[in-house]
Every structure is written in structure tokens, then in C-alpha cells.
Amino acid sequence: MPKRSLIAAATLLASAAPAFAHLDPAAHGSTLAGATHPLTGLDHLLVMVMVGVWAATFRGTTRFVIPAAFVVTMLAGFGLAMAAVALPFVEPAILASVVAVGLLLATAVRVPAGAAVGLVGAFALFHGYAHGSELGAAGALAFAGGFAVATALLHGLGLWLATFAMRHAHPLALRIVGVATALAGAALYAAA
């Protein structure tokens with residue numbers, strides 16, 4: 001039964017395509033608009049969950065430092081957007097992050113902890129910048145708080161799914177999820 005649950009969860013996650021646009025901060029509040037923002041783009045959703053999945057393959061505190069580094073650096077990217085600092089290649093970098101995290105999972109390459117933190121930090125900078133460039137009428141601090149919490153929860157979901165998979169699923173399950181993620185990222189890039 002646990003394998004079926006994992007397959008069902010992976011299928012739902014892979015097929016998730018939210019049917020709503022970004023929430024209007026005037027109607028729903030800036031925090032809620034920020035919290036739903038990472039959920040409305042498959043590129044953001046995939047990376048945020050898969051960073052948690054990839055982090056689960058590390059030992060000790062590194063499995064928590066990697067997602068924390070993503071959140072902190074994402075907020076720095078948001079700050080760059082708020083300061084009107086030009087950051088080139090934002091969308092291609094975001095799509096590349098989906099492919100890269102998928103390939104890291106698919107190949108099970110062992111990356112030193114510091115390099116892993118730096119890598120997800122680089123990805124997060126672009127994700128945060130994109131959030132900032134789509135702020136609209138939302139209050140910046142409340143919006144940032146909302147997407148930071150949502151991102152941390154998505155990382156936590158990824159950690160939980162990977163931990164469950166490593167205990168109860170086939171040893172190749174995470175590699176298969178990595179391949180699917182990399183292919184989804186390539187498809188998103190081709191569609192862009």
C-alpha cells in the first residue's frame with residue numbers, strides 16, 4: 001500500500017497545474033497573494049518541491065541548510081528586484097533550475113554540501129527576482145513573507161516525500177522522479 005500512495009502522490013504532483021491566476025492583493029491580502037504565488041507556476045512549484053527532495057539525499061543538517069539557503073537567497077533576489085537592479089536571463093535560469101535539479105536527482109551525483117548550497121542559492125536568486133518583478137500592488141514585506149513561508153513548506157513537502165520514498169519505495173524512485181522533473185523542465189523551456 002505505501003508504494004501505491006507514493007505513486008499517487010507523485011502522479012498528482014506531476015500533473016498539478018493550478019487553475020487560478022495570481023491572487024489580487026486588494027481582494028485577498030498581500031500575504032496570501034505571496035503565499036499562493038509559488039503555487040501558480042509549474043516551474044516554481046517543481047523546483048521548490050524538488051529542492052526538498054534533493055536535500056533529503058544529504059546527511060545531517062545539510063538536508064535543512066540547503067532549503068534554508070534557497071529561501072534566504074530567494075529573498076535576496078526579491079530584494080534585487082525591489083531595488084530595480086537588472087538581472088539578465090531570469091526566465092531561462094528558472095527553467096534551467098528545473099532541469100538541473102531533476103538531473104542531479106536522476107544521476108544521483110554526490111555534490112559537496114557547500115557546492116549544493118551555492119547551487120540552490122544561485123537558482124533561488126532568479127526565483128526571488130521573478131517574484132519581485134511580479135509584485136504588482138501587493139505590499140512588498142507581506143508578499144515576501146507569504147512566498148517565503150510557502151516555499152519553505154514546499155521544501156518540507158519534498159523532504160517528506162523523499163524520506164518516505166527512501167524508506168518505502170524502490171531504490172530507483174527518486175531517480176525516476178528526477179528524470180520526470182528534468183523532462184518537465186525541458187518541456188517548459190521548449191514551450192517558452
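In what sequence, highest mean first, do 148-159, 180-191, 122-133, 83-94 appear when ranked by Cβ atoms within 10 angstrom?
Result, highest mean Cβ count within 10 Å first: 122-133, 148-159, 180-191, 83-94.
I need the phi-derived Karplus couplings for the range 131-146: 6.51 cos²θ - 1.76 cosθ + 1.60, θ = phi - 60°, integer Hz, Gly and Pro marked x.
These are the phi-based 3J(HN,Hα) values: 4, x, 6, 10, 4, x, 8, 6, x, 4, 5, 5, 4, 4, x, x Hz.
Please arrange 175, 167 by counting, for each residue, the other beta carbons lying within 10 Å of its beta carbon, fewest first.
167, 175
Near residue 130, within a Cβ-to-Cβ distance under 12 Å, what is the net charge of the other residues, with Lys and Arg +1 and Asp and Glu -1?
So the surrounding residues net to -3.
Using +1 at the Cβ of each Lys and Arg and -1 at the Cβ of each Asp and Glu in the range 41-191, identify which of 112, 89, 48 lies farthest towards the dipole's positive end.
112
Each label point is 7 Å from the Cα along the Cα-to-Cβ direction; what then is the distance between the points at residue 170 and residue 87, in nm?
Taking the two extended label points, one gets 3.8 nm.
Throughout, read-outs are computed from the coordinates displayed, never taken from laboratory work. All values derive from a computational prediction rather than experimental measurement. As a convention, Cβ positions derive from the backbone with ideal geometry for all residues, glycine included, and neighbour counts pool all protein chains shown.
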